[in-house]
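To keep things clear, I will list the structure first and then write my remarks on it.
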Amino acid sequence: MDLTNSLQKLAGYRPKKTPKSKETYKKGLVLLRNGGFAKQGDEGWESLEKLTLAALDQGDIAVADECLQLIVNKFPSSPRVDVLQGIRMEATEPSEVSLKFYEELLEADPTNAAIWRRKAHVLRQMGKIDKSVQELSEMLDTFYTDVEGWLELADAYASCQQYTYALQSLSHALLLAPQNPFYFVQFAETAYLAGDIPLALKMFLVTVDMTDDEDGPVPPQDSIPTGLTLRAWYGVKLCTNKLITEPRSMSSSASNTLAPTTAALSSIDELSTERLRTAYLNMKGESPPKTDRELITILATIIQ
Amino acid sequence: MPSSAVSLYLDPQIRDWVLFPITVVMILVGVLRHYVVLLLQSSPKKQMRAAIREQRALIRAQILRTTSARSPIPPTFYQSISQHLSQAFTNGTYLKDGPPKSDAPSVPPNPLTDPSQMDGMMAGMKTQMVMMVPQMIIMGWINFFFQGFVLIKLPFPLTLGFKSMLQRGIETPDMDVRWVSSLSWYFLNFFGLNGLYRLILGSDNSADSSRDMTTPFAAAAAAPQPPQAQDFNKLFKAERDNLEFAEGLYSWVGKDIETTILHKYGRLPPDTLR
């Protein structure tokens, strides 16, 4: 893993208490005790970094400190270690302290994007979303290619219902990674929240187009939608349902997206219903409910 | 030719006090050189934020342009980004030193006056010195003490053409080519020790001097050179035209997506396919 990537990973770190980190923590602890990391050479340091993060995630500050000490001794003035120290600080110290730590680092080196993003993160934790957004957008103005940064910005905007701005941030993420269907789904869902139903419908359809298994053994109409494709079809169904029941939403697109013609809309609606029924039948093994409304409600729980 | 093999007898002291010392000294100097070069290498200079921003502004436009024929983003978003960028390029928002004065003549800065560029050149010169000086000293040392020494006999016969290569410094036309002189031994080591260094120091060592010798300015050229002083204002102006061009090519990937999907799932008769 190269430095930029690692820095980006670190910059986006947040505690989640995942089972994965628990496993890393357990296995890493054994290695730490019998000195296994030293034997691995360069890779050992990377594993040690992972253990530090896992230990922080699991709330074992003592182990994290131990690892951090080892790493700091080895790489005294590395920006990557600085970020790691900051994350450790965030775990126990009040936000003001870690914020100050980041600010000092940024003053010394204003080109450290990872630190910058952590700072924005801390600001957001403190509830100063406006400041955080400001920092993030300033950072992205310089380091445009940071996709995760754009996603975080979109997330921050969406958390205060600024869906239009969130869509704009997401469009940058789309430009930077046009091959990633997850960003398309996110864009579509945000557009749906923003009330721009025609745009959302189009984006969901694009995702379907991207994710369905074209080269599979069966033609697309016989395949069973799963995972992201199912989520996209569900979104399509929501959109068509809304467009049909509330014709007013056809013309209320902030992005001036033209809704499909009525004929196309009804066939899309039919198609999506059929797709969702196929998926339902496959997962539950029983015949799906008759009405659209019931189907939507049940699938909502399944997808989650 | 048994007669010539018998006719020369090498004192084992030559092996112990000349052959081995030359080899060992050359290896050690190479290792030393590697570490000195590591010491001399200054870390690449940190760029200022404004400079990075200036350099990367072009990339933003390029990223937007690459996908414009099948753009992932809807028209309104595309146009707002595109127009924002070309506006910024016109006004020089991204320039390191702020928007340019309209009447000031634009002269590309002289690289010799820019201290950050001088550093790069100096680093190359320093590496060159570290490489040349020890080799000159070793050669002088061998020439002074061991001139005309015959050090070893190669265990295989060679043609006469190798005489100038293996018996440098000894002017005897009749001696068998298999005998190697001290100066030639030096050159053999000089060109042949790279493999050994790679074993000792790893593959990207800077101990091997023969590599630098073949291309005298290789070290200077390989050193991370600061990007050429570019007139970003001009580049930005050119990029604006490109943006306009890309806007003409623009089409959204989701433009007729419903038709595509309906076709794909067999909901439309195939003859309506465009």
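Quick note: the coordinates plus some simple rules give every number you see, no bench work behind them. No experiment lies behind these values; they were computed from the predicted model shown. Virtual Cβ from ideal backbone geometry, glycine too; neighbours counted across all protein chains shown.
Data table
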| quantity | calculated |
| --- | --- |
| Interatomic Cα distance distribution for the protein assembly as shown, bins of 20 angstrom, percent | 15, 33, 30, 16, 6, 0 |
| Cα-centred dipole magnitude for the protein assembly as shown, charges only on beta-carbon of K, R (+1) and D, E (-1), debye, nearest 20 | 500 |
| The range A:184-304: relative contact order in percent, alpha carbon pairs under 8 Å with at least 6 residues between | 27 |
| A:K9/B:K153 FRET efficiency (R0 51 Å; Cβ-Cβ; nearest 0.05) | 0.25 |
| Neighbourhood charge, 13 Å Cβ-Cβ cut-off, centred on A:K26 and excluding it, Lys, Arg +1 and Asp, Glu -1 | +2 |
| Kirkwood-based Rg to Rh ratio, the range A:184-304, C-alpha trace | 0.96 |
| Contour excess over end-to-end distance, with Cα ends at B:D174 and B:A238 and 0.36 nm allotted per residue | 15.9 nm |
| DSSP-assigned coil residues among GluC sites (Glu not before Pro) in the range A:229-304, each with at most 16 further Cβ atoms within 10 Å | A:E286 |
| Given chain A, longest segment not containing exposed loop trypsin sites (Lys or Arg not before Pro) (DSSP; at most 12 other Cβ within 10 Å) | A:18-289 |
| Low-density loop positions, chymotrypsin sites (Phe, Trp or Tyr not before Pro), the range B:128-159 - DSSP coil, at most 14 other Cβ in 10 Å | none |
| Globularity ratio of the range A:60-179, using Cα Rg and 2.2 N^0.38 Å | 1.15 |
| Relative contact order (%) - criterion: Cα under 8 Å, at least six apart; region: chain A | 10 |
